[in-house]
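Structure record follows, encoded as structure tokens.
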Amino acid sequence: MIGIFSAIGAASSWTYACYLWRQQTKYLSASQINIIKNIIAFIIFSPILFTFHFESSVREILILFVSGIIGIALGDTFYIISLKSLGTRRTLTFESASPIIAALLGSFLLNETLPFKMWLGVFIVSISLLGVSLQKKINNQDIITNINKNQGIAFALLSVLCAVVAATLSRLVLVNSDLNPFQTTEIRLFGGIIGLLPLIKYNFINLIKKLPYKNRFNLVYASFWGTNIGILLQQNVFKILPIGLGWTLLSTSPVIALFFARSEGDEVNWKNILLSATTLLGVAIALI
């Protein structure tokens, strides 16, 4: 049950943070938002560094470092670009492909065997989430052009691929070492920061200072929920649950995103509610 609640908590934290981060794309680029959120989260969890035995965990630290570069530096940057182009719900919904990808990677790389009912649940969740993504926007003030839509879709799919590969590397370490979710989160954050350093420009600090106080507060607030709490809970999921099942639960974010849909100009209708219900049905089948 801890793994299930961790997954739901991670999905909720990440969805709320995505909603707040999207509001900052008017002022900052995707890479700038990404580096800021990772630095904030790294500082918050910095006391964890004193709990490491670096000499005995070099291999695991290197794997997590690479996981951070792939999943946080690359994956989250692609994700935020997609947020700007597609909106929170549509971007989150392209994770519909991730449960199947995660289950396949878990089978091939980690020798994790999922029973038929879990594959059935994963399939139902994926199809339901794909259906949610096809719902139209009703706010004419937030028109998505074909160019923006295609770009957003491409970056959303790239972010999913990066996230699943990074998650598989994280689980590989978590199930084969004594490192805990707090420690693995901090190492991955450090990897993400190093991967983003080349993108920092000389006027980066001045740019942050020019932001309105409310925006700076929202960046810190969103970083705490989406990066610190979100990744910590995510790492806990990867430690407890098989990667395919864990990622299926984490991919329920589009259902949670319906709570923010109206504020972004998205329509919430009976189709959304029905597809959300089938998503939950798929999760229930996988868990029973």
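Please treat every number below as a calculation from the coordinates, not as lab data. This one's a predicted model, so the numbers in the text were calculated from it and none came from an experiment. In this analysis, Cβ positions are derived from the backbone assuming ideal geometry, glycine residues included, and neighbour counts consider all displayed protein chains.
In this simple spin-label model, placing a label point 7 Å from the Cα along the Cα-to-Cβ direction at both I205 and N180 gives a separation of 3.5 nm.
Taking the average, over residues, of other Cβ atoms within 10 Å as the packing measure, peptides 20-32, 50-62, 67-79 rank 67-79, 20-32, 50-62 from highest down. For the pair L62 and T25, label points projected 7 Å from Cα toward Cβ lie 3.7 nm apart. Taking label points 7 Å from Cα along the Cα-to-Cβ direction, H53 and A284 give a separation of 4.6 nm.
Available extension along the chain between Q151 and I273 is 41.2 nm, counting 0.36 nm per residue and deducting the alpha carbon span.
Apply the a/c threshold of 1.5 to the C-alpha gyration tensor of segment 1-47 and tell me whether it is rounded, prolate or oblate.
Numbers: a/c = 3.91, a/b = 1.48, b/c = 2.64.
Judged from the Cα gyration tensor, segment 1-47 comes out oblate (a/c at least 1.5, b/c at or above a/b).
To the nearest 0.05, what FRET efficiency results for F217 and I194 with a Förster distance of 22 Å applied to their C-beta separation? Once the sixth-power term is evaluated, E becomes 0.25.
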